[in-house]
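Novice: One structure coming up, written as structure tokens, with questions to follow.
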Amino acid sequence: MSITILGIESSCDDTSAAVVRDGLLLSNRIANQDVHRTFGGVVPELASRAHQQNIIPVVDLAMKEAGVLPTEINAVAFTQGPGLMGSLLVGASFAKGFSLARKIPIIAVNHLQGHVLALFIQRPSSVFPPSAALTQPGSQSNQPAFPFLCLLVSGGHSQILIVRNYLEMEIIGQTIDDAAGEAFDKCGKVIGLPYPAGPVIDRLAKEGDPLAFTFSRPRISDLNYSFSGLKTSFLYFLRDQLRDDPDFIRKNLNSLCASLQYTIVEILLNKLRQASKLTGIKEIGLAGGVSANSALKAAVLAEAEKRRWNVFIPALAYTMDNAAMIATTGYYKYLKGEFAGQDVVPLARM
Ligand code: KG4
Ligand code: ZN
């Protein structure tokens, strides 16, 4: 008998639904919320209202695209957290209602575990690309082998994990303050870029000089990250420059982006290199929204050449928040019988 999972993601500002059957992704629909752009960041109250409007049409579209009827769904997986409480509540309430109506189990998924398992999203072989994970040329498989190291970098998290199995992972390093995506977004806001600034910086940096300006780097022990010092250093640098030339940002926008991006990538790569040395693991995965960054991908692939790493990066659609990763995680939890009850609650922190 085949196993069909409906996945729901609503942790932040994207409402997404996906259908996975026997580990293969049949559909993945995302409704983005443009409403936050003008505010320079996600407004939680507006996010939860938009989720409420979007959730039913998005689920409907995902099921239609998959060619699956509600009666064919074996379990509903939803993002339990971490995330914005109001946003999470919409996904959790939908999952509970759907589970009650269809008399099927609920599966609670950790959003971060979902990002990691984006590396295992598989499309049916008839659909191109056949797999979500891209590797450097010459690699034998399109999925990382266990155990592997995962650099999980998003708007809310920056972590290095040892992934021992689909559902077994250990955090060996993480940020003590801001996340890498936050560093992109907050510094971008300072130079007048729209939210989220990460992809815009990525684009503008292509025309800039990454070595034009230097910003302070954290001196922090272990495998942990810190990005708040970089943000302050960026801010003070601009304040000083703007005193001499009020047009400094406009004149140097591309190189400011390139130098900022270069610094963030260096910080991320440094600890990843250390983690690989310490653990002896050369199987490396990237995950989370920031793993879409072209300079990060290029730097990790260049490092892979030098150090004989096998690198795995999800296809762009699965680096950002999406329900495909939640449905895929739900599938592996289903196989292990890890179900939640109707009393399950969303958790802003996990
Ligand atoms: O994983 P994600 O979609 O949501 C969270 O769980 O946080 O990540 C969103 C983050 C944002 O901070 C965004 O600026 C960043 O990922 N991001 C990028 C790029 N694309 C998205 N950062 C740098 N370069 C990119 N190309
Ligand atoms: Zn995320």
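The values are calculated or read from the model by the stated rules, or taken from the named source; none is laboratory data. Just so you know, these numbers come straight off a predicted model, no measurement behind them. Cβ sites come from the backbone with ideal geometry, for glycine too, and all protein chains shown count toward neighbours. Just the protein is used for accessible areas: all its heavy atoms, side chains included, with ligands, DNA and RNA removed. Shrake-Rupley method; radii C 1.70, N 1.55, O 1.52, S 1.80 Å.
Novice: Summarise the accessible area of the chain (1.4 Å probe, protein heavy atoms) by the percent that is carbon and sulfur.
Specialist: 54 percent
Novice: Among the listed pairs Lys277/Lys297; Lys251/Lys271; Lys271/Lys306; Lys297/Lys333, give every one whose C-alpha distance is greater than 23 Å.
Specialist: Lys251/Lys271; Lys297/Lys333
Novice: Right, another one. Whole percent per 5 Å bin, from 0 to the bin with the longest distance: what is P(r) over all C-alpha pairs of the range 180-314?
Specialist: Binned Cα distances yield the sequence 2, 10, 20, 23, 19, 13, 8, 4, 2, 1.
Novice: Would you kindly state how much longer the chain becomes between Ser233 and Ala101 on full extension, computed as 0.36 nm times their sequence separation minus their alpha carbon distance, in nm to one decimal?
Specialist: 42.2 nm
Novice: Only Cα pairs under 8 Å and at least 6 apart count here; give the relative contact order of the chain as a rounded whole percent.
Specialist: For the chain, the relative contact order is 25 percent.
Novice: Can you tell me the 0 to 90 degree angle between the C-alpha axis of helix 248-279 and the longest principal axis of the chain, rounded to 10?
Specialist: Here the helix axis deviates by roughly 60 degrees.
Novice: Computed from the mean reciprocal separation of all distinct C-alpha pairs, what Kirkwood hydrodynamic radius does the chain have, in Å?
Specialist: For the chain, the Kirkwood estimate is 20.7 Å.
Novice: Could you give the angle, 0 to 90 degrees to the nearest 10, between helix 85-102's Cα long axis and the longest principal axis of the Cα atoms of the chain?
Specialist: 20 degrees
Novice: Going by alpha carbons, how many degrees (0 to 90, nearest 10) lie between the helix axis of 180-190 and the longest principal axis of the chain?
Specialist: Once rounded, one gets 60 degrees.
Novice: Shifting gears a bit: Report, for the chain, the % of DSSP beta bridges that are antiparallel, rounded to 5.
Specialist: Close to 65 percent.
Novice: Name the residue farthest towards the positive end of the dipole of the chain from the options Val344, Tyr236, Gly86, assuming +1 on Cβ of Lys and Arg, -1 on Cβ of Asp and Glu, about the Cα centre.
Specialist: The residue sitting farthest along the positive end of the dipole is Val344.
Novice: Right, another one. Pick from Asn165, Asn142, Asn293: which residue has the top mean-square fluctuation in a GNM of the chain where Cα pairs under 10 Å get a spring?
Specialist: Asn165
Novice: Can you compute the charge dipole magnitude of the chain about its Cα centre, using +1 on each Lys and Arg Cβ and -1 on each Asp and Glu Cβ, nothing else charged? Give it in debye, rounded to the nearest 20.
Specialist: I would put it at about 420 debye.
Novice: Accessible surface of Met85 in the full protein assembly, 1.4 angstrom probe, to the nearest 10 Å²?
Specialist: Per-residue accessible area (Met85): approximately 80 Å².
Novice: Which one, Glu65, Glu168, Glu283, has the greatest fluctuation when you compute a Gaussian network model over the chain with C-alpha springs under 10 angstrom?
Specialist: In the Gaussian network model the winner is Glu168.
Novice: For the charge dipole of the chain, defined by +1 on Lys and Arg C-beta atoms and -1 on Asp and Glu C-beta atoms about the Cα centroid, which residue among His115, Val35, Ser255 has the Cα displaced farthest towards the positive pole?
Specialist: With unit charges placed on the Cβ atoms, the residue in question is His115.
Novice: Tell me whether the range 247-350 comes out rounded, prolate or oblate; compute the Cα gyration tensor, take square roots of the eigenvalues as a ≥ b ≥ c, and use a/c under 1.5 as the rounded threshold.
Specialist: oblate
Novice: Could you rank Arg37, Arg21 by how accessible they are, 1.4 Å probe, largest area first?
Specialist: Arg37, Arg21
Novice: Amide H of Phe312 versus every other amide H placed in the peptide plane: which residues, excluding those fewer than 5 positions away on the same chain, fall under 5 Å?
Specialist: Ile284, Gly285, Leu286
Novice: When ligands, DNA and RNA are left out and all protein chains stay put, how many square angstrom of accessible area per residue does the range 158-225 have with a 1.4 Å probe?
Specialist: Accessible area per residue: 50 Å².
Novice: How large is the dipole of the range 180-314 about the Cα centre if only Lys and Arg carry +1 and Asp and Glu carry -1, each at its Cβ, rounded to the nearest 20 debye?
Specialist: Magnitude of the dipole: close to 340 debye.
Novice: Further question: Work from the charge dipole of the chain (Cβ charges, +1 for Lys and Arg, -1 for Asp and Glu, about the Cα centre) and give the residue of Pro124, Ile8, Ala47 farthest towards its positive end.
Specialist: Pro124
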